[in-house]
Amino acid sequence: MMRATPILAALSVSLFGVMLWLVHSVLKPAAQGLAPFDERGLGYSLDDAQTYLSTLDSTGKALYLVELRLLDSAFPVVLALLLGHLIMNQAANMHPWSRLVLVIPAAGYAMMDLCENALVAGLLRAGADGITPEMVARASQFTVSKWVLLLISLGLLLVLSMLRMRQEKGRD
């Protein structure tokens with residue numbers, strides 16, 4: 001079971017690294033330095049979205065809709081698998097149902113990120129003049145939910161790791 005850890009970790013780091021490079025070398029310059037929707041963990045307003053969409057050039061829009069969307073479709077799935085795998089390993093001494101429940105935030109993170117990607121693509125296709133307050137609110141809510149669930153997953157992993165170290169230390 002532990003063989004999956006380095007593979008999932010390497011895939012996660014590789015996908016994240018490529019996305020980070022594309023965002024900082026192409027997407028942010030294409031939007032005059034503005035952060036893309038995905039990075040706005042506290043969400044965004046209609047005005048924020050209109051400003052971003054009117055600033056983003058055609059190269060940035062194409063990158064966001066094709067390459068980044070493909071990468072950001074694989075990344076949350078791989079990261080959620082890694083987090084779930086690590087959580088299951090750290091909770092190895094718990095009841096199987098408890099272990100499954102602890103994986104729910106990681107799975108939820110992946111679902112929120114994938115839905116966010118589809119909603120952001122809709123914003124990009126509609127453009128600054130075609131988006132509605134409802135479209136922006138929904139996409140923003142999924143962005144915030146994604147970040148909250150990711151933080152919960154990381155927090156769970158940290159707590160479980162600390163509990164496991166404490167248990168192992170008590171055996172010595």
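Tabulated data for the structure shown
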{"item": "Residue under evaluation Ser140, criteria (1) crowded, with 22+ Cβ neighbours inside 10 Å; (2) under 18 Å from Arg40 (Cα atoms); (3) out of contact with any Gly (no Cβ under 8 Å at 6 or more places or on another chain), criterion not met", "result": "(3)"}
{"item": "Test: Glu116 is under 17 Å from the mean Cα position of the chain (by Cα), at pLDDT 95 or above and under 30 Å from Asp57 (Cα atoms)", "result": "yes"}
{"item": "Close pairs (9 angstrom Cβ cut-off, 6 or more residues apart or separate chains): farther than 14 Å from Val144 by Cβ in the stretch 110-129, of a type in the set (S, T, N, Q) and part of a loop (DSSP other than H, G, I, E, B) anywhere", "result": "Ala126/Thr132"}
{"item": "Residues of the stretch 1-52 that turn out to be in a helix (DSSP H, G or I), of a type in the set (S, T, N, Q), modelled with pLDDT of 95 or more and over 15 Å from the mean Cα position of the chain (by Cα), as a count", "result": "3"}
{"item": "Residues being surrounded by fewer than 12 Cβ atoms within 10 Å (Cβ to Cβ) and either on the phi > 0 side of the Ramachandran plot or not aliphatic (A, V, I, L, M) (or both) - total across the stretch 2-31", "result": "6"}
{"item": "So Ile152, is it β-branched (Val, Ile, Thr), outside any helix (DSSP H, G or I) and either touching a Pro at 6+ places or on another chain (Cβ under 6 Å) or within 30 Å of Ser54 (Cβ to Cβ) (or both)", "result": "no"}
{"item": "Cross-chain or 6+ apart pairs with Cβ under 6 Å, the stretch 41-57 first and over 18 Å from Arg125 (Cα atoms), then surrounded by 17 or more Cβ atoms within 10 Å (Cβ to Cβ) and among the small types (Gly, Ala, Ser)", "result": "Gly43/Ser140"}
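The values are calculated or read from the model by the stated rules, or taken from the named source; none is laboratory data. The structure displayed is predicted, hence computed values, not measured ones. In this analysis, Cβ positions are derived from the backbone assuming ideal geometry, glycine residues included, and neighbour counts consider all displayed protein chains.
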